[in-house]
1. Restricting attention to the stretch 8-25, which residues are buried (at least 16 other Cβ atoms within 10 Å of the Cβ) and over 12 Å from GLU94 (Cα atoms)?
2. Just to verify a result, which residue in the stretch 7-20, among those that are part of a strand (DSSP E or B) and within 13 Å of the chain's Cα centre (by Cα), is nearest to ASP69 (Cα to Cα)?
3. Looking at VAL126, is it farther than 30 Å from ASP69 by Cβ, modelled with pLDDT under 80 and either β-branched (Val, Ile, Thr) or in contact with a helix residue (DSSP H, G or I) (Cβ under 9 Å, 6 or more places away or on another chain) (or both)?
4. Can you spot a residue in the stretch 157-167 that is of a type outside the set (Phe, Trp, Tyr), surrounded by fewer than 17 Cβ atoms within 10 Å (Cβ to Cβ) and at pLDDT below 85?
5. Working carefully through the options LYS147, LYS176, LYS169, LYS192, find the one that is over 28 Å from ASN86 (Cβ atoms), more than 15 Å from the chain's Cα centre (by Cα) and of a type in the set (D, E, K, R).
6. How do the pairs read when you match residues in the stretch 70-98 that are closer than 26 Å to PHE35 by Cβ with residues anywhere that are hydroxyl-bearing (Ser, Thr, Tyr) and part of a strand (DSSP E or B), using Cβ under 8 Å and keeping only pairs 6 or more apart or on different chains?
7. Sort through LEU92, LEU48 and tell me the only one that's surrounded by 13 or more Cβ atoms within 10 Å (Cβ to Cβ), of a type in the set (A, V, I, L, M, F, W, C) and touching a strand residue (DSSP E or B) at 6+ places or on another chain (Cβ under 9 Å).
Amino acid sequence: MYAIVEIAGQQFKVAKDQKVFVHRLQDKEGSKITFDNVLLLDDGKVTLGAPAIKGAVVTAKILKHLKGDKVIVFKKKRRKGYRVKNGNRQYLSEIQIESIVTSGAKKDESKKEAPKKVKVEAKKEVAPKVVAKKAPAKAKKADDLKKVEGIGPKIAEIFTASGIDTFAKLAKASQKDLKAILESAGSRYASKNPGSWPKQAKMATEGKWDELKKWQDEIKGGIEK
């Protein structure tokens, strides 16, 4: 049996006991994690998701966090005397697939035994009490991280894939963690400076939009002097 599952923004073909290197995950070494965005399953019969397969779950264990092999990027312009050499090492996590659950991740309530009927003596009818039903709590939507000076659409997608999808989470994140996420996304984003992003996110969380706009107008590019 194998499955194609999305992990940290990438798609992998995995099987039980297989070891996979993925973009750095936020969980600690030795912890177990589950991925429910399963796109395809093959257990003798191929099942395609639309886009994901309902009830299918891949469980894995984080073995260790590490850095990948160094990648050299060399740029040269002929007859210009321009030569630039850069190196980059991706932040990775090594995980081991423990199980692939095809369905039934949640118990089917329809299979529960019907309650036994109990004879009850007839009682005088009493007008039922009218109780106002509480409106169901709305699921908290992800915030628009692009409102933070210095965060574009692509960086917002990278943070969302890493679990930072609200201003509150961004405000609590350390500069070291944000930098690690950017570096794991490639050299294009490794040069970004996230130093002021938690501060801006905190103002957004507290609803101080006028103060945030004034701060962004005074601090060009979201970088404090």
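1. ALA8, PHE12, VAL14
2. GLN10
3. Answer is yes for this residue.
4. no
5. Exactly one of LYS147, LYS176, LYS169, LYS192 is over 28 Å from ASN86 (Cβ atoms), more than 15 Å from the chain's Cα centre (by Cα) and of a type in the set (D, E, K, R), namely LYS147.
6. ILE97/THR59; GLU98/THR59
7. One residue alone meets the criteria, LEU92.
Okay, residues lined up against (1) out of contact with any Lys or Arg (no Cβ under 6 Å at 6 or more places or on another chain); (2) assigned to a strand (DSSP E or B):
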site	(1), (2)
VAL22	yes, yes
GLU29	no, no
GLY55	yes, no
HIS65	yes, yes
ASP69	yes, no
ILE72	yes, yes
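The values are calculated or read from the model by the stated rules, or taken from the named source; none is laboratory data. Just so it is clear, the model here is predicted, and its values are computed rather than measured. Counting neighbours? That spans all protein chains shown, and the Cβs are built from the backbone with ideal geometry, glycine included.
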